[in-house]
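Okay, structure first, notes after.
The values are calculated or read from the model by the stated rules, or taken from the named source; none is laboratory data. Please read all numbers here as calculations on a predicted model, not as lab measurements. Cβ placement follows ideal geometry from the backbone for every residue including glycine, while neighbour counts extend to all protein chains displayed. Please note that ligands, DNA and RNA were not included when accessible areas were found on the heavy atoms of the full protein model with its side chains. Shrake-Rupley method; radii C 1.70, N 1.55, O 1.52, S 1.80 Å.
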Amino acid sequence: MADGKQPQDTSRRSFLKNSGIAIGGLIVGGVVGGALGGGQKTTQKEEVEKVVEKTVDYNQALMYFNQEQFQITEAAAERIYPKDDLGPGAKDLGVAYYIDHQLASPWGMNAKEYMQGPFFPDAPANLGMQSPLRRHEIFSIGLKGLADYCQQKYSKKFQELSEEEQDAVLKVFEEGKEFKLVGTTTSAFFKLLRSATIEGVYSDPMYGGNKDMQGWKMRNYPGNQMGYAKDIEKEGLVKYEPKSLHDHMSMGK
Amino acid sequence: MATKLPHVPVVIVGMGWTGGIVAAELTKAGIKVVGLERGKERSTADYYMGHDELRYAQRYEMMQDLSKDTVTIRHNLKERALPYRTHGSFLLGDGLGGAGSHWNGQSFRFLPYDFEIRSKTIERYGEKKIPEGMTIQDWGITYDELEPYFDKYEKMAGISGEQEQNPMVGKRSNPFPTGPMKTTPSMKMFMEASKKLGYHPYIYPSANLSEMYTNPDGIQRAACQYCAFCERFGCEYGAKADPVVTVIPVALKTGNLEIRTQSTVTRVLHDGKKATGVLYVNNITGEEFEQPADIVMLGGFVFTNVRLLLNSKLGKPYDPNTGTGVIGKNYAYQLSGGAGGTVGFFDDKEFSNFMGAGALGAEVDDFNGDNFDHSNLNFIHGAGIRIAQAGERPIANNTVPKGTPSWGKEFKQQSIKYANRVLKVSMQGSSMPFRHHFLDLDPTYKDQFGLPLLRMTFDFEEQDREQVKFIAQKTAEIMKEMGPTTMQTTTELKPYDVTVYQSTHNTGGVIMGSDPSTSAVNNYLQMWDAENVFVVGASAFAHNSGYNPTATVGALAYRTAEGILKYIKQGGGSLV
Ligand SMILES: Cc1cc2nc3c(=O)[nH]c(=O)nc-3n(C[C@H](O)[C@H](O)[C@H](O)COP(=O)(O)OP(=O)(O)OC[C@H]3O[C@@H](n4cnc5c(N)ncnc54)[C@H](O)[C@@H]3O)c2cc1C
Ligand code: SF4
């Protein structure tokens with residue numbers, strides 16, 4: 001561990017034992033109790049390898065977008081988070097799949113948000129989102145806007161433009177002055193697109209983006225570790241092999 | 001028609017920190033209690049997939065479902081209040097444990113100055129120091145009177161902290177029950193830099209637990225693993241003090257507590273003098289119940305506490321035009337969310353910023369409270385100046401130098417470059433109440449049952465802008481001493497923006513005091529206008545300090561519990 005790397009085979013079970021959290025007492029139970037309950041059939045390393053061997057990713061299919069919407073989203077997200085010498089961009093990380101899945105989720109429907117009227121969409125921005133539209137609607141309107149704008153200006157599809165042209169179009173949308181949408185603004189759509197792209201790069205791979213944790217690897221983010229009690233006082237950047245929530249699944253078995 | 005249930009001695013609304021503490025103390029003394037909680041049941045087993053930034057931190061898995069109930073907000077009396085439709089500036093708790101399950105656990109006591117703020121400000125600077133419209137008042141209790149309850153709270157939660165008395169804060173009767181949290185390299189830099197400047201840095205008192213601990217109730221908890229999924233998350237180890245792993249099991253073990261989750265209280269029933277019980281709805285079946293009780297305790301956080309009283313027509317509503325009435329008065333918040341802070345970019349140094357714990361950090365209090373001379377300053381009180389290492393998760397943390405675009409190639413490169421090369425010194429500034437900052441019922445928007453939402457009228461004042469400007473110089477001074485390659489300071493405080501997370505340190509609305517014409521509850525948090533109603537939480541704060549609130553909330557809850565037991569023993573009447 002001199003180089004700061006974590007041992008590969010730290011199972012959840014031995015972690016809990018070694019760190020002395022497997023205590024009796026009135027409380028603690030739950031996860032901890034469950035983790036110590038049964039024997040462990042496969043080691044975590046085998047589990048990880050099994051996943052990597054898998055070639056078909058059944059998660060890569062669409063829940064919300066049509067093909068055109070998917071393609072525009074994929075191309076636009078790539079400009080927001082492009083591939084470069086540091087590593088993959090949004091496209092290779094599966095971000096468009098992530099966004100598709102999220103728009104079909106309760107978040108895309110604003111399920112846990114107050115959506116009763118009256119609505120005053122033109123209220124000051126510092127009073128927060130005041131539109132009656134759900135996120136998936138804003139996205140669909142925004143994508144249609146991108147397609148229309150590119151048709152008008154370049155007589156091409158967004159995904160057919162050069163990178164420079166795509167950047168210029170996105171800038172126009174970000175600024176929100178030149179092109180009007182019905183029911184929302186290009187800047188509201190762009191804000192959503194940008195934040196969803198960042199989420200798709202850095203959220204757990206189970207959501208469809210951050211493919212093989214490559215988003216995390218680029219910035220030395222270790223993902224889901226049990227804890228850093230042993231290393232937190234160390235100087236400098238301590239590096240770990242990242243782990244996802246999927247790695248956690250094998251731990252409780 | 002509501003189904004009338006058998007009468008109980010005590011009913012508590014909300015099973016967060018306040019509800020949990022009072023339930024534990026009463027049931028240990030043999031009193032039967034029913035706890036009504038609108039959210040779901042919770043245990044550490046729920047956090048199996050807990051290390052998920054998207055679900056918990058970005059999608060607010062553990063917070064209030066705003067489609068059912070929220071607040072409306074406006075900056076001033078003239079603006080149209082609009083609903084807080086999605087979480088932003090503050091994150092409301094929901095479910096067993098309340099916000100106490102997904103808090104950070106930073107555990108500071110308010111200062112002796114706070115409890116007597118008006119008297120002490122006048123004593124040192126004269127009455128003219130208090131500007132027109134600023135409605136600060138003494139709390140009706142002193143720090144020394146509250147000290148034993150702080151002590152009790154800290155022993156229950158096992159607060160971890162430095163063992164020597166800190167010269168900048170109130171005197172302690174006992175050292176913290178556990179030693180301080182670990183010191184990270186960035187904390188060390190902050191502490192060395194501020195010491196060099198003559199300040200008095202110390203490690204945050206923390207409810208994350210630095211070592212294994214058994215509390216006076218026999219609850220044993222494991223040490224914090226510094227897992228970095230703490231703020232906005234539940235603790236799978238049960239290390240973080242949370243009502244679900246501390247006071248609630250103690251209360252349940254007595255056999256005297258019955259918890260009903262999925263039970264949303266809509267009204268306090270009363271006869272004009274005393275409460276007779278509460279009305280609530282079972283969220284699953286939609287059935288309405290009346291729960292008669294001798295004593296009603298409200299512990300539903302600031303917004304629920306105020307709204308229930310107003311919707312129940314209990315207590316005199318505050319009127320900002322005349323300054324009379326009390327329910328809804330003195331709403332206050334805090335100064336944080338980046339304002340006054342300094343970001344340092346270290347080109348030649350790396351830090352493991354992704355590691356952390358919710359209450360891991362260091363603080364300087366030399367410019368908090370009245371610890372410094374305000375004679376030549378245009379504000380009172382001050383702020384805690386701090387460095388935190390809570391664990392920077394990658395969706396939320398992409399700090400880049402000013403001038404960097406917010407997307408594209410350069411953004412990607414800079415955000416990756418600085419992910420582990422950036423440190424922040426920030427402020428947590430106090431917030432004084434003003435005559436026109438208050439809570440009342442919204443005339444337009446309704447909750448899931450058709451009841452009026454609560455309306456907040458609030459914005460920052462000159463007092464706040466001046467404070468931010470002053471503290472910003474100090475955060476810059478300390479950061480400079482830490483030696484970054486470049487740094488940037490935010491000296492300007494913009495109008496209140498509900499979309500940016502600042503803190504869930506909302507206070508006031510049912511404030512405590514010694515005079516029934518200017519306060520709603522006495523120093524046992526017993527209502528002046530209804531002696532069998534106790535309203536517990538930060539709703540009782542007459543202003544907000546430059547610290548996180550919960551240690552003070554917890555101390556007040558212990559005092560309330562003592563008051564309720566006294567009330568039962570003496571067979572009613574005012575406790576003061
Ligand atoms: C992300 C976050 C981080 C925080 N970090 C810190 C920190 O580091 N240090 C600190 O001191 N404080 C912190 N806080 C604040 C702290 O969580 C609160 O001060 C504390 O939890 C308040 O306790 P309470 O009992 O008053 O309210 P809560 O914990 O909010 O509990 C209120 C309970 O009442 C229930 N309820 C509400 N209305 C009704 C109703 N009508 N019927 C039935 N039940 C109802 C709610 O569901 C909830 O469970 C943080 C808060 C958040 C959100
Ligand atoms: S940082 Fe510590 S207290 Fe917080 S959730 Fe992780 S283990 Fe629990």
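Couplings 3J(HN,Hα) of the range B:568-576, computed from phi: 5, 5, 7, x, x, x, 6, 8, 10 Hz, in residue order, whole Hz [Karplus 6.51 cos²θ - 1.76 cosθ + 1.60, θ = phi - 60°; x for Gly and Pro]. Remark: the residue B:485-residue B:123 segment gains 125.9 nm on full extension, using 0.36 nm per residue and subtracting the alpha carbon distance. In order along the range B:264-280, the phi-based Karplus estimate (6.51 cos²θ - 1.76 cosθ + 1.60, θ = phi - 60°) of 3J(HN,Hα) comes to 9, 7, 10, 7, 9, 8, 7, 10, x, 10, 9, 6, 10, x, 9, 10, 9 Hz; Gly and Pro are listed as x.
Where the accessible area of chain B is counted over protein heavy atoms with a 1.4 Å probe, how much of it, in %, is carbon and sulfur?
Numbers: 9220 of 18650 Å².
The nonpolar share, carbon plus sulfur, comes to 49 percent.
Which FRET efficiency value, to the nearest 0.05, is calculated for residue A:83 and residue B:171 with the Förster distance at 51 angstrom and r the Cβ-Cβ distance? Provide the component values of the computation, followed by the final result.
Details: r = 60 Å, r/R0 = 1.17.
E between residue A:83 and residue B:171, to the nearest 0.05, is 0.30.
Let's test the formula: R0 of 45 Å, r as the Cβ-Cβ distance of residue B:162 and residue A:246. What FRET efficiency results, to the nearest 0.05?
Values: r = 40 Å, r/R0 = 0.90.
The computed FRET efficiency comes out at 0.65.
When the chymotrypsin sites (Phe, Trp or Tyr not before Pro) in the range B:326-406 are filtered for DSSP coil states and for at most 16 other beta-carbon atoms within 10 Å of their beta-carbon, the remaining sites are B:372.
The phi torsions of the range B:385-396, fed into the Karplus equation with coefficients 6.51, -1.76 and 1.60 and a -60° offset, translate into couplings of 10, 8, 10, 10, 10, 8, x, 8, 8, x, 6, 7 Hz, rounded to whole numbers, with Gly and Pro shown as x. Label positions at residue B:41 and residue B:183, each projected 7 Å from the Cα along the C-beta direction, are separated by 4.6 nm.
Using a probe of 1.4 Å, the accessible surface attributed to residue A:212 totals some 90 Å² when neighbouring protein chains are kept in position.
Close amide H pairs (under 5 Å, H built 1.01 Å from N) link residue B:368 with B:383, residues at least 5 positions away or on another chain.
Pull up the DSSP beta bridges for chain B and report the antiparallel fraction as a percent, rounded to 5. If you can, show how the numbers build up before the last one.
Values: 52 of 78 bridges.
That works out to approximately 65 percent antiparallel.
Among the residues of A:215-224, the average count of other protein chain beta-carbon atoms within 10 Å of the residue beta-carbon is 6. For the range B:341-381, a decrease in accessible area of 30 Å² or greater in the assembled protein chains relative to the isolated chain, with a 1.4 Å probe, applies to B:350, B:352, B:354, B:355.
Per residue, the protein assembly as shown exposes an accessible area of 37 Å² to a 1.4 Å probe, with every protein chain left in place.
Taking GluC sites (Glu not before Pro) across the range B:135-174, the ones in a DSSP loop with at most 14 further Cβ atoms lying within 10 angstrom of their Cβ are B:164.
What part of the accessible area of the range A:89-165, given as a whole %, is carbon or sulfur when the probe is 1.4 angstrom?
Numbers: 1770 of 3370 Å².
It is 53 percent, rounded to a whole number.
What is the sum of charges, Lys and Arg at +1 and Asp and Glu at -1, for the other residues whose Cβ falls under 11 Å from the Cβ of residue B:484?
+1
For the segment B:389-397, counting C-beta atoms of other chains within 10 Å of every residue's C-beta and taking the mean gives 4.
With a 1.4 angstrom probe, the accessible area lost at the A-B interface totals about 7000 Å².
For the range B:150-242, the set of trypsin sites (Lys or Arg not before Pro) satisfying both a DSSP loop assignment and a count of at most 12 other C-beta atoms within 10 Å is given as B:171.
Using a cutoff of 8 angstrom between alpha carbon atoms and counting only pairs six or more residues apart, the relative contact order for the range B:343-461 works out to 28 percent. Under 5 Å between amide hydrogens, built in the peptide plane, is the criterion, and for residue B:267 it picks out B:279 among residues at least 5 positions away or on other chains. Local charge for residue A:168 was computed over the other residues whose Cβ lies under 12 Å away, with Lys and Arg +1 and Asp and Glu -1, and equals -4. In the protein assembly as shown, what percentage of the DSSP-assigned beta bridges are antiparallel, given to the nearest 5? Looking only at bridges with both residues in the protein assembly as shown, the antiparallel portion is about 65 percent.
Taking 50 Å² as the minimum loss, tell me which residues in the range B:224-269 lose that much accessible area going from the chain by itself to the full protein complex (1.4 Å probe). Output list: B:225, B:236, B:237. Residues of the range A:166-195 that bury at least 40 Å² of accessible area when the other protein chains are present, relative to the chain alone (probe 1.4 Å, heavy atoms, ligands and nucleic acids excluded): A:194.
Sorting the segments B:479-487, B:397-405 by their mean number of nearby beta carbons within 10 angstrom, highest to lowest, gives B:479-487, B:397-405. Charged side chains reduced to their Cβ positions (Lys and Arg at +1, Asp and Glu at -1) give the range A:67-219 a dipole of some 320 debye around its Cα centre.
Tally Lys and Arg at +1 and Asp and Glu at -1 over the other residues with C-beta under 11 Å from the C-beta of residue A:217: what net charge comes out?
So the surrounding residues net to +1.
Normalised by the number of residues in chain B, the mean separation of alpha-carbon contacts (under 8 Å, six or more apart) gives a relative contact order of 23 percent.
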